[in-house]
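Below: the structure, in structure tokens.
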Amino acid sequence: IFLLSISFSQAPCILGEVYVSEAANKGDPDDYIEVYNGGPFECNLGGFQLDDSEELEDFTFGNIILAPSDYWIGYENAEDSFTSGLGGDGDIVVFADADGNMLTVTLEESIEIADGIELSQSYESDGTGCYTLPTPGESNVDCYEFIIGCTDSDATNYDPDANADDGSCEYSTVSCLLGDVYVSEAANRGDPDDYIEVYNNGSEECTLAGFQLDDSEELEDFTFSNVILSAGDYWLGYEDSTDSFSSGLGGEGD
């Protein structure tokens, strides 16, 4: 009879002294989770687990040594890292020790600020957290201060101090009417990219500001800024291009 045992040379980490200190659920390019050793001693994460559910089926740490005040940073689908992506609408991260004790942090909806940066969310050892500028593998920064207002510089009520848009932007050009403007062409297996065409069949120039495109009724993909369409004119957007949609159109139908 052969008995196989796995042991780690370093003392195991203590849950609570090591904890999830930062996460991004709409990472650029990938989601990430950061684990911090807030304890006074070097320790081993071997046997600890990460998942976005309490089933803990996603990722188990191997022989990972963390010095005091050191970080482990894992990117989605990277080698020796987690694979279950974190939902952009909100999710949880469950961090458990080898005995199955769990600490859970809550990720709120991912937010992109005015300059295009996706905020991360940072946490204390007790799981309390807030939105922050992303600092994977480095000390967390202070909670992000939101200044609500119109962030579109083309709007008549643009607020240069605002860093989070509240949908209040107003424009000198009249807003387009749905039905006068409509999707007039699309390709769901484009060469090289999918595209969507929008046509203004109305009698006057109008702005598409605030209009949305998505391949679902959740409307989370793309929101138009102050795009002016003359009567009889087209807007053409290619997948993943600047100021365009990003959710690809399914080749088998969408």
Every residue from the stretch 72-125 that is surrounded by fewer than 18 Cβ atoms within 10 Å (Cβ to Cβ) and more than 18 Å from the chain's Cα centre (by Cα)
Glu79, Asp80, Ala98, Asp99, Gly100, Asn101, Met102, Thr104, Glu124, Ser125
Could you check, for the stretch 194-217, whether at least one of its residues is touching a residue at least 60 places away in the same chain (Cβ under 8 Å) and either under 29 Å from the mean Cα position of the chain (by Cα) or within 29 Å of Thr156 (Cα to Cα) (or both)?
no
Residue in the stretch 72-85 that is farther than 26 Å from Cys143 by Cα and outside any loop (DSSP other than H, G, I, E, B) present
no
Which of the residues spanning the stretch 175-207 are touching a Phe, Trp or Tyr at 6+ places or on another chain (Cβ under 6 Å), under 26 Å from Cys150 (Cα atoms) and either modelled with pLDDT of 95 or more or surrounded by fewer than 16 Cβ atoms within 10 Å (Cβ to Cβ) (or both)?
Val198
Collect the residues in the stretch 215-254 that are within 14 Å of Asn188 (Cβ to Cβ) and surrounded by 12 or more Cβ atoms within 10 Å (Cβ to Cβ), keeping them in residue-number order.
Asp215, Gly237, Tyr238, Glu239, Phe245, Ser247, Gly248, Leu249, Asp254
Counting only residues that are in a loop (DSSP other than H, G, I, E, B), among the acidic types (Asp, Glu) and in contact with a Ser or Thr (Cβ under 8 Å, 6 or more places away or on another chain), the stretch 9-53 contains a total of 2
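The values are calculated or read from the model by the stated rules, or taken from the named source; none is laboratory data. No experiment lies behind these values; they were computed from the predicted model shown. Counting neighbours? That spans all protein chains shown, and the Cβs are built from the backbone with ideal geometry, glycine included.
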